[in-house]
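Participant: One structure, pasted below without further comment.
The values are calculated or read from the model by the stated rules, or taken from the named source; none is laboratory data. Note that the structure is predicted; figures quoted are calculated from it, not measured. Cβ coordinates were reconstructed from backbone atoms using ideal geometry, including for glycine residues, and neighbour counts include every protein chain displayed. For accessibility, only protein heavy atoms count, side chains too; no ligands or nucleic acids. Shrake-Rupley method; radii C 1.70, N 1.55, O 1.52, S 1.80 Å.
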Amino acid sequence: QPQSHAPQLRDFLLVYNRMTELCFRHCVCNLNYRLLTTREESCLDACAGRLVRANHRLMGSYVGLMPAIIQRRSTYYEDSTA
Amino acid sequence: MDPLRAQQLAAELEVDMMADMYNRMTQACHRKCVPPHYKDAELSKGECVCLDRCVAKYLEVHERMGKKLTELSLQDEELLKRVQQGTGTA
């Protein structure tokens, strides 16, 4: 079971790292302190929420559009080889 | 798959991900703390302190993001369960 989930887990963890980098770059501007300021914290929470929801929406659109594209592609290859 | 192999894969994955995080952190902190003025090879004290704080903050952000992601994905699971139950009983 873990083996079948490994590539998905890897992708998930990569997304996690990318999210961290993106939100850090955008939200953390005050390097006068070692701790996060309240403004930075609320920015980070918002950033995380947005990214996750954007990702879901994207996935939904992709899943909606891909079958048609795959179908077109397969009919194209069938026609060209026939 | 045998559990030892699974454990080994998980450990490798963790190491890879830590390395990836480290590289991103290096890049981000360099951008934030070291201005591209290459007159002098030495780092100023301000730049050094900035780098220290940057690392501390980046790691905290990493932790915070992890918690937020788990929280959000749990919410999604709940929602998905409710949707499935709803369509099941409908």
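Participant: Between 0 and 90 degrees, rounded to the nearest ten: what's the tilt of helix B:45-89 against the longest Cα principal axis of chain B?
Facilitator: 10
Participant: To continue, here is another question. Specify which residue in the list A:I70, A:Y16, A:C47 is farthest towards the positive end of the charge dipole of segment A:5-81, using unit charges on the beta carbon of Lys, Arg (+1) and Asp, Glu (-1), about the Cα centre.
Facilitator: So the residue we want is A:C47.
Participant: Would you kindly derive the ³J(HN,Hα) couplings of segment B:20-32 from the backbone phi angles with the Karplus curve 6.51 cos²θ - 1.76 cosθ + 1.60 (θ = phi - 60°), listing them in order in whole Hz, with x for Gly and Pro?
Facilitator: 4, 4, 4, 4, 5, 4, 4, 4, 4, 6, 5, 4, 7
Participant: Can you give me the Kirkwood hydrodynamic radius for segment B:28-71, using every pair of distinct Cα atoms, in Å to one decimal?
Facilitator: The Cα-based Kirkwood calculation yields 11.9 Å.
Participant: For the protein assembly as shown, can you list the cysteines whose C-beta has no other cysteine C-beta under 4.7 Å from it?
Facilitator: A:C29, B:C48
Participant: Based on the Cα coordinates of chain A, what is the per residue volume of their convex hull in Å³?
Facilitator: Measuring per residue, one finds 151 Å³ for the Cα hull of chain A.
Participant: Let me ask something else about it. Can you report the principal axis dimensions of the protein assembly as shown using only the alpha carbons, biggest first, rounded to whole angstrom?
Facilitator: Here the spans come out as 68, 48, 38 Å, largest first.
Participant: With +1 on the Cβ of every Lys and Arg and -1 on the Cβ of every Asp and Glu, and nothing else charged, how large is the dipole of the protein assembly as shown about its Cα centre, in debye rounded to the nearest 20?
Facilitator: 560
Participant: Let me ask something else about it. So, in nm, how far is label B:C48 from label B:E78 when the simple model puts each one 7 Å beyond its Cα toward the Cβ?
Facilitator: 4.9
Participant: Okay, moving on. Tell me the Kirkwood hydrodynamic radius of segment B:3-87 in angstroms, computed as one over the mean inverse distance between distinct C-alpha pairs.
Facilitator: 16.4
Participant: For the pair B:K39/A:I70, report the inter-label distance in nm, with labels modelled 7 Å from Cα in the Cβ direction.
Facilitator: For the pair B:K39/A:I70, the computed spacing is 6.0 nm.
Participant: Then there's this: Can you tell me the 0 to 90 degree angle between the C-alpha axis of helix A:38-81 and the longest principal axis of chain A, rounded to 10?
Facilitator: Computed tilt is about 10 degrees.
Participant: Roughly how much of A:S74 is accessible, in Å² to the nearest 10, using a 1.4 Å probe?
Facilitator: Here the residue's solvent-accessible area equals roughly 50 Å².
Participant: Hey, what number do you get for chain A at 222 nm if only DSSP H runs of n ≥ 4 count, each worth -39500 (n - 2.57), divided across all residues, to the nearest 500?
Facilitator: Mean residue ellipticity at 222 nm (helix-derived): -31000 deg cm²/dmol.
Participant: Taking the Cα atoms only, what angle lies between the long axis of helix A:2-27 and the longest principal axis of chain A, rounded to 10 degrees?
Facilitator: Roughly 50 degrees, rounded to the nearest 10.
Participant: Further question: Rounded to the nearest Å, what's the spacing between the alpha carbon centres of segment B:2-16 and segment B:32-85? Just the number, please.
Facilitator: 25
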